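To start, the structure under review is shown below, and the notes come after it.
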Amino acid sequence: MSDLSGSLGELGFAGDDAVVPFAVEGLDARGRAVQLGPMLDSILARHAYPEPVSRLLAEMIVLTVLLGTSLKFQGKFIAQTQTDGPVDLLVVDFSTPSDVRAYARFDEARLAAAVERGKTEPEDLLGSGVMALTVDQGAHTQRYQGIVELNGTTLEEVAEGYFRQSEQIPTTVRLAVARIARREETGGFRESWRAGGLVAQFLPEAPERMRLPDLPGGDLPEGVEAFEFEPDDAWLEVRALVDTIEDSELADPEVGVERLLFRLFHERGVRVFPSDEVRDECSCSRERIKEVLSSFTATEIEESIEDGRIEVTCEFCGQAYEFEPSEFDPEGEGPAEEA
């Protein structure tokens, strides 16, 4: 009998915008799963991107949330793509323990041409380039960054390749995005964005199986010089079960994360752990923007002035900040002294 059945009755469901860690001990696997609702809809509605761009950014947000909530320290996890496709830049910034912000950059003409040709899959929109996954623990620490090549691959495949090559952990990833219509109390329908995702990893406890680090900087087991992994029956079963997930199940609010995990792994026994909530929250502030502007030269400050003032808009949340040129040193020697 799965531990999940008891958890559902006693603890309830995690619901939207909460990442649920889980373990399938019978298969030496563990992972995280999530369904994003209001948080995702808020981010995408604010930017009002064309639908293909919103779908692509939504996948990136789900992936970043799944990975970022696994961090065991205070800091940031940043996922960023730089490619030659119609959508040449995606950035998702996760600040522990819960804050998410994101934006995309795209070429309108190239995107329209891609849509006309029916080339709207993630690999079509991204094209070739790289994805950088950065762990930043703040001042006085060294950033860890993994670079993965993007060349006609999905974000699921990119994430799996990253863990296989950089983290040396067999990993399977599923991502799905949906747009659903809900009836409003006042009548009519409103469309909103939803997404779901799951990451499962093979991390055996048995000494006869290789146990590898799942965080940057971990050490290989004693006597192991390099990562070597041969397909294991347990891991093959995990992959086969995850492959049965339909996109509609991942994002369906009527299914929910716990029910989905139970459907997948109840025969092997699945345990769920306390969830980690995520929220739409930007870290920008007037003070931070001013700090950046204070590093500009006098020429750069002069070029930033329009209609007698300097205005900076955050690309993540759209918040606009205004500054008077007199707030900065006109000689470009640093920030002016405040009275």
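Yes or no: the stretch 131-139 includes at least one residue that is aliphatic (A, V, I, L, M) and in contact with a Gly (Cβ under 6 Å, 6 or more places away or on another chain).
yes
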Margin query: Kindly evaluate residue 315 against the criterion of being modelled with pLDDT of 90 or more, out of contact with any helix residue (DSSP H, G or I) (no Cβ under 9 Å at 6 or more places or on another chain) and over 30 Å from residue 78 (Cα atoms).
Written below: no
Item checked: Test result for residue 220, surrounded by 18 or more Cβ atoms within 10 Å (Cβ to Cβ), more than 21 Å from residue 15 (Cβ to Cβ) and modelled with pLDDT under 90 -> no
Check: Does residue 285 fit the bill of being of a type in the set (Ser, Thr, Tyr), surrounded by 13 or more Cβ atoms within 10 Å (Cβ to Cβ) and closer than 30 Å to residue 54 by Cα?
Finding: no
Next item on the list: Of the conditions (1) touching a residue at least 24 places away in the same chain (Cβ under 8 Å); (2) on the phi > 0 side of the Ramachandran plot, residue 200 clears all except one; give me its number.
Entry: (2)
Margin query: Which residue is farthest from residue 146 (Cα to Cα), if the candidates are limited to the stretch 95-121 and must be in contact with a helix residue (DSSP H, G or I) (Cβ under 8 Å, 6 or more places away or on another chain) and in contact (Cβ under 8 Å) with a residue 60 or more places away in the chain?
Written below: 115
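Residues checked against (1) surrounded by fewer than 24 Cβ atoms within 10 Å (Cβ to Cβ); (2) part of a helix (DSSP H, G or I); (3) touching an Asp or Glu at 6+ places or on another chain (Cβ under 6 Å); (4) at pLDDT below 95:
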site	(1), (2), (3), (4)
26	yes, yes, no, yes
35	no, no, yes, no
42	yes, yes, yes, no
53	yes, yes, no, no
61	no, yes, no, no
70	yes, no, no, yes
74	yes, no, no, yes
Notebook entry, point to check: So residue 160 fits all but one of (1) among the acidic types (Asp, Glu); (2) over 30 Å from residue 28 (Cβ atoms); (3) buried (at least 18 other Cβ atoms within 10 Å of the Cβ); what number is the exception?
Noted result: (2)
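Residue under question is residue 158, and the condition is that it be of a type in the set (Val, Ile, Thr), in contact (Cβ under 8 Å) with a residue 40 or more places away in the chain and under 24 Å from residue 83 (Cβ atoms); does it hold? Break it down into steps so the answer makes sense when it comes.
Numbers: of a type in the set (Val, Ile, Thr): yes; in contact (Cβ under 8 Å) with a residue 40 or more places away in the chain: no; under 24 Å from residue 83 (Cβ atoms): yes.
Judged against the criteria, residue 158 is not a match.
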Notebook entry, point to check: Does the stretch 132-139 contain any residue that is loosely packed, with under 14 Cβ neighbours inside 10 Å and among the hydrophobic types (A, V, I, L, M, F, W, C)?
Noted result: yes
Next item on the list: Kindly indicate the residue of the stretch 76-105 that is within 15 Å of the chain's Cα centre (by Cα) and of a type in the set (D, E, K, R) and also modelled with the lowest pLDDT among those meeting that condition.
Entry: 76
Item checked: Failed item in (1) modelled with pLDDT under 95; (2) crowded, with 20+ Cβ neighbours inside 10 Å, with residue 254 passing the rest -> (2)
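For (1) among the polar types (S, T, N, Q); (2) touching a helix residue (DSSP H, G or I) at 6+ places or on another chain (Cβ under 8 Å); (3) over 22 Å from residue 88 (Cα atoms); (4) not in a helix (DSSP H, G or I), each residue gets a yes or a no:
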{"site": "141", "(1), (2), (3), (4)": "yes, no, yes, yes"}
{"site": "148", "(1), (2), (3), (4)": "no, yes, no, yes"}
{"site": "158", "(1), (2), (3), (4)": "no, no, no, no"}
{"site": "165", "(1), (2), (3), (4)": "yes, no, yes, no"}
{"site": "169", "(1), (2), (3), (4)": "no, yes, yes, yes"}
Note to self: Every residue in the stretch 289-324 that is of a type in the set (A, V, I, L, M) and surrounded by fewer than 11 Cβ atoms within 10 Å (Cβ to Cβ), please.
What the structure shows: 292, 320
Next item on the list: Could you look through the stretch 167-197, keep only residues that are free of Cβ contacts under 8 Å to residues at least 24 places away in the same chain and small (Gly, Ala, Ser), and pick out the one that is nearest to residue 271 (Cα to Cα)?
Entry: 181
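The values are calculated or read from the model by the stated rules, or taken from the named source; none is laboratory data. Source: prediction; values computed, not measured. No Cβ is skipped: glycine too gets one built from the backbone with ideal geometry, and neighbour counts run over all protein chains shown.
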